[in-house]
Every structure is written in structure tokens, then in C-alpha cells.
Amino acid sequence: MQKKSPDFFVYPPNLHTLDLASLVAMYRSRGEPRRAPSGEYFACAHTKKLVKEAKFWFGLYYSQNAWDHLLTKDSSGYPLTEVEFNILGMTVYPPDDNNHRSHIESQTGFIPQLTFLMVNDMRQFGFLQEYDSGMLAITNNGQRAIDGFSRRMFDKKFAPEMLSIYRGEHARPQIEDAQKKETVQTRLF
């Protein structure tokens, strides 16, 4: 399925290089208003215009107008990305017919710790409901948010083939094992 619009928030592709503390701090500070120091300016990542005040997004700055433009319909001010879209979508159409939170989080192909925070935030925003058993369900607000994002991205109402896991674009993150270097150092014990 072809994407129609690039006008939505995107996480930096090298986000996995950050340590957990930096990652959580950047995630928690997204959308915060920032004011440029006296005599300096921020460049809006969307419009490329210089601004004195902007909203922060993982090292990028967006003017208020650009921020409002990138927010999708019925997102309640939550900056949805394709990752959140996939989480919401997999709650409706779970892979392997398993909508347990841990299974959906593992299928995103994204940083597990950040995915955990996203699910918590989407629960707080009223997009998801989590049962005591760990199963996730989408709420009416979540359904409206996913439809708003799919209309922005694909110019169509939500369908399962819009999800990266069903389009074959799903990449599971690979963590490389550290290799022990051979050294000439003598063993003392």
C-alpha cells in the first residue's frame, strides 16, 4: 500500500544508539515548548523557517503551526507516528490472533522499552484498554485516532494491510552479541 502523505511525526532512524536514560528523557520531553536563547533561533524542521519558540521532538524543533499541522485528526493532541499506528492496528488485527500486550510490543520491530512507554501513554490518552489478563483492546477514541492517521498516511479508512507487519516491511530489531577480542594478556589465575 502506497503512502500518500509524509506529513506526520517520525522517530529518528538511529534512535537505538541512545542509552535508555537519554531515550526516556527525549520521549518524555517531546512536544515541550522551548524558547531559543537570546539572540538565537530554532529552525522549524517542517517549514525550515526560523522561529524563537518551538516544540521539541527528538532533537528537532517545530513551530506551533507546523506541530498542529502534523497532529492527525482525532489524535487528542497526541503526536502519533507509524509506530503507534502499528500498535493500535495490531490491537484490532493482532498477529497470530494474540492481542496480549507483550506479543504486540514484540511485533512492532521497535525499541522494546520505548514501545512499553508508548502503550502506557496510549492507555492514558484513552486509545487503548488493558485488561488484568494483559490483553489489549482498542477504544472508540483509539479507533478514531487510527482512522485519522490512516486517512493522513494512505488517504483511506483503516485496513489491516496498512500495518507494516502485514505489508512485509516489518523488521525485527537485531541486537548483535559482543565479540570477545583475543588479547596477548597472560592469565594470572
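For the stretch 37-75, a tally of residues being among the aliphatic types (A, V, I, L, M) and either assigned to a loop (DSSP other than H, G, I, E, B) or open to solvent by 70 Å² or more (accessible area, probe 1.4 Å) (or both) returns 4.
The set of residues in the stretch 91-116 that are in contact (Cβ under 8 Å) with a residue 40 or more places away in the chain and either closer than 17 Å to E161 by Cβ or surrounded by 15 or more Cβ atoms within 10 Å (Cβ to Cβ) (or both) comprises T91, V92, Y93, P95, Q107, G109, F110, I111, L114. All of Y93, Y78 fail the test of being under 12 Å from the mean Cα position of the chain (by Cα) and within 21 Å of R144 (Cα to Cα), apart from Y78. When restricted to residues that are small (G, A, S) and at pLDDT 90 or above, the stretch 60-101 contains 3. Looking at the stretch 11-36, which of its residues are open to solvent by 50 Å² or more (accessible area, probe 1.4 Å) and of a type in the set (G, A, S)? Once the filter is applied, which keeps residues that are open to solvent by 50 Å² or more (accessible area, probe 1.4 Å) and of a type in the set (G, A, S), the stretch 11-36 yields A21, A25.
In this entry, D74 passes the filter for residues that are more than 16 Å from S164 (Cβ to Cβ) and acidic (D, E).
The values are calculated or read from the model by the stated rules, or taken from the named source; none is laboratory data. On a predicted model such as this, the values are computed, not experimentally measured, just so you know. With ideal geometry, Cβ positions are generated from the backbone for all residues, glycine too; neighbour counts draw on all protein chains shown. What goes into the accessible areas is simple: the full protein's heavy atoms, side chains included, and nothing from ligands, DNA or RNA. Shrake-Rupley method; radii C 1.70, N 1.55, O 1.52, S 1.80 Å.
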